[in-house]
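To start, the structure itself, in structure tokens.
Values quoted throughout were computed directly from the atomic coordinates according to the rules given, and no laboratory measurement underlies them. Just so it is clear, the model here is predicted, and its values are computed rather than measured. Every residue, glycine as well, gets a Cβ built from its backbone with ideal geometry; the counts of neighbours run over all protein chains shown.
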Amino acid sequence: MRIFTLALAVVAATSACGVFKRGGQPPAHREPTTTSIYGEWVLVSPIDSTAFVGASKVEMSLEPVSFRIHAYYPDRAAPVVITGSVTRTEQGLLTLTPTSGDVGQVTGTRALMFAPGSPINMVASAAGGSLVFNSPEDDTPTPTSIWNRRAQAEAAGLTPKDSTKP
């Protein structure tokens, strides 16, 4: 009887400590599989609160040395395409320097501020399928724009799977 009671106490203690895994619901939070800012992104912030006012969709390809942005406007047959170079510091400061594109052709109330040769500095941070940008001068944690990885945006129906990549 003592051995049975002792065995029951050992089983209860070890299961309470989590040694035995239990089935059930997976945790609500999963660790991100990547923290890389590089890849194919789709803007998910309200577009009119960004530099792409009036666009219906904005996609970006961000690589370690270059970037390409496609901004789709309802009154234009072709997207506005901006390309340029990328540099990044270890502290996360990202500098995009536009080198070409049809930025000068965008007129009206749109607020595109991508002048060729004029660097744009921002803090970039990514985790899993999200990328956020923030002004380097802003001490608040509120991002200036939020982007989703293209694959996740496609899965969520934010962009068609057959659209051309930037």
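Overview of values
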| quantity | calculated |
| --- | --- |
| Dipole magnitude of the range 39-155 about its Cα centre (Cβ charges: Lys, Arg +1; Asp, Glu -1), debye to nearest 20 | 260 debye |
| The range 39-155: projected area of the alpha-carbon convex hull, averaged over directions, in nm² | 7.4 nm² |
| Pair SER130, ALA151: separation of 7 Å Cα→Cβ label points (nm) | 1.9 nm |
| Sorted peptide list for 86-93, 129-136, criterion being average Cβ within 10 angstrom, highest first | 129-136, 86-93 |
| Whole-number percent relative contact order across the range 39-155, with pairs defined as alpha carbons under 8 Å at least 6 apart | 23 percent |
